[in-house]
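See below for the structure under consideration.
The values are calculated or read from the model by the stated rules, or taken from the named source; none is laboratory data. Because the structure is predicted, anything quoted here is derived from the model rather than measured. With ideal geometry, Cβ positions are generated from the backbone for all residues, glycine too; neighbour counts draw on all protein chains shown.
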Amino acid sequence: MADSRAFEDARLLVDDSANVPADTRELSIEMLADQWGRSRPEDAAAWILSIQDEGSRNKALIALGTAWSAGDPESAAMFALQIPPGQTREAMLGQAVNRWASIDAQGAAEWLLQFPSLPDFDEAVARLATQPTTLADHADLALDWAGNIFDPVLRLKTVNTVLSNEYDRDPPTALTRLQEVKLLSEADRQVLSVQLQSRH
C-alpha cells in the first residue's frame with residue numbers, strides 16, 4: 001500500500017468484493033479510505049464519491065476526513081464543503097477545523113467565520129470554541145460562536161464548556177457572560193447557573 005499503484009489495486013479488490021459479507025466490505029472500504037487519504041487524499045476522495053452505497057460512502061468519507069485532516073486540515077475542510085449537506089459533512093468539517101485550530105487557531109477561525117451560520121457548521125464551531133487556546137484567550141468570542149450553534153443540545157454543551165473554564169478563573173465574569181449568550185432559554189440559563197456555582 002505504499003504507492004499509488006497499490007492503492008489502485010486495493011480499490012479494484014474492494015470494488016469487486018460484492019460477494020463478501022457487508023460488514024467486511026464496509027471495513028475494507030474504511031481502511032482503504034484512511035490509508036489512501038494519508039498520502040493521496042484527492043484520489044481517495046474521487047473513488048469514495050463513486051461508491052454507490054450511501055452508508056459505506058459516508059463512513060468512508062469520515063475516515064478520509066480524519067486522515068486528510070491530520071496532514072492538511074485546510075484542504076480537508078475545503079473538500080468537506082463540496083459534499084452534500086448533512087451529518088457526514090458536519091463531521092468532516094468538525095474534524096478538519098479541530099485539527100486546523102490546534103495548529104493555527106486564528107487561521108481556522110477566519111476561514112470558518114467567513115461563512116454564514118449553517119447547521120452543518122455546528123460541530124466545527126463547537127470544536128473551535130472549545131479549543132484550549134480559544135478558551136484561555138478568547139472566551140468572549142467562544143461564547144459568541146457557541147451562541148450561533150443551531151443544535152440546542154450541542155449549543156448548551158459548548159456554552160457549558162466555555163463558561164466552566166471561565167468560571168474556574170473568574171466566577172463573576174462567567175455568570176455575567178451567561179446572561180449574554182444568544183439563543184439560550186431562561187430554563188437553560190438557570191440550569192447552567194446552578195451547575196457553574198456548584199463547581200466551588
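Quick notes
- Restricting attention to the stretch 113-126, the residues being closer than 20 Å to K157 by Cα, surrounded by 16 or more Cβ atoms within 10 Å (Cβ to Cβ) and of a type outside the set (D, E) number 4.
- Qualifying residue in the stretch 160-171 (condition: under 20 Å from Q95 (Cα atoms) and out of contact with any Cys (no Cβ under 8 Å at 6 or more places or on another chain)): yes
- Contacts under 6 angstrom Cβ, first residue in the stretch 142-155 being surrounded by fewer than 24 Cβ atoms within 10 Å (Cβ to Cβ), partner of a type in the set (D, E, K, R) and part of a helix (DSSP H, G or I), 6 or more apart: L143/R177; F150/D122; D151/D122; L154/D122
- Note on the stretch 166-189: residues that are more than 16 Å from T134 (Cβ to Cβ), exposed (fewer than 12 other Cβ atoms within 10 Å of the Cβ) and not hydroxyl-bearing (S, T, Y) amount to 5.
- Pairing each residue of the stretch 120-134 that is of a type in the set (S, T, N, Q) with any residue that is buried (at least 23 other Cβ atoms within 10 Å of the Cβ), provided the two are 6+ apart or on different chains, yields C-beta distances under 6 Å for Q131/A101; T134/A142.
- Every condition in (1) closer than 20 Å to G37 by Cα; (2) assigned to a helix (DSSP H, G or I) is met by V125 except one, and the failing one is (1).
- Meets criteria (surrounded by 16 or more Cβ atoms within 10 Å (Cβ to Cβ), of a type in the set (A, V, I, L, M), at pLDDT 90 or above and touching a Ser or Thr at 6+ places or on another chain (Cβ under 7 Å)) for I83: no
- Selection status of A91, more than 23 Å from A187 (Cβ to Cβ), surrounded by fewer than 23 Cβ atoms within 10 Å (Cβ to Cβ), among the hydrophobic types (A, V, I, L, M, F, W, C) and at pLDDT 90 or above: yes
- 2 or more residues under 25 Å from the mean Cα position of the chain (by Cα) and at pLDDT below 90: qualifying helices (runs of 4 or more DSSP H) within the stretch 130-200: 132-137, 139-146
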